[in-house]
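Q: Below is a structure I'd like to ask you about.
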Amino acid sequence: MKEISIAYHFSNRVQVNIIRTARTIADLDGEREITKEALSEAVKYRGHSSMVSI
């Protein structure tokens with residue numbers, strides 16, 4: 001998350017929203033932890049679909 005935040009200049013508020021969204025995605029997938037895939041999907045929902053990898 002740190003690298004993403006630096007690359008896209010995300011504020012703390014945006015970071016928290018991305019983490020909350022990723023947590024929800026992980027919950028829906030039945031995961032106990034936030035996965036890289038869930039985090040990547042949350043960033044895409046934020047509008048940065050050019051995100052290559054996390």
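Q: Name every residue in segment 30-41 that is loosely packed, with under 15 Cβ neighbours inside 10 Å and either in a loop (DSSP other than H, G, I, E, B) or in contact (Cβ under 8 Å) with a residue 24 or more places away in the chain (or both), in order of residue number. Let's see the steps before the verdict.
A: Going through segment 30-41, the residues loosely packed, with under 15 Cβ neighbours inside 10 Å turn out to be 30-33, 36-37.
Hits for segment 30-41 are Gly30, Glu31, Arg32, Glu33.
Q: Okay, next question. Tally up the residues in segment 1-19 that are surrounded by fewer than 11 Cβ atoms within 10 Å (Cβ to Cβ) and outside any loop (DSSP other than H, G, I, E, B), please. Walk me through it before giving the result.
A: Quick first cut of segment 1-19, residues surrounded by fewer than 11 Cβ atoms within 10 Å (Cβ to Cβ) only: 2-3, 6-7, 9, 11-13.
Now narrow it down to the ones that are outside any loop (DSSP other than H, G, I, E, B): 2-3, 6-7, 12-13.
The number of residues fulfilling the criteria is 6.
Q: Which number in (1) part of a loop (DSSP other than H, G, I, E, B); (2) at pLDDT 95 or above marks the one condition that Asp27 misses?
A: Single failed check for Asp27: (1).
The values are calculated or read from the model by the stated rules, or taken from the named source; none is laboratory data. What you are looking at is a predicted structure, and each value in this text was computed from that prediction instead of being measured. Cβ: placed from backbone, ideal geometry, glycine included. Neighbour counts: every protein chain shown.
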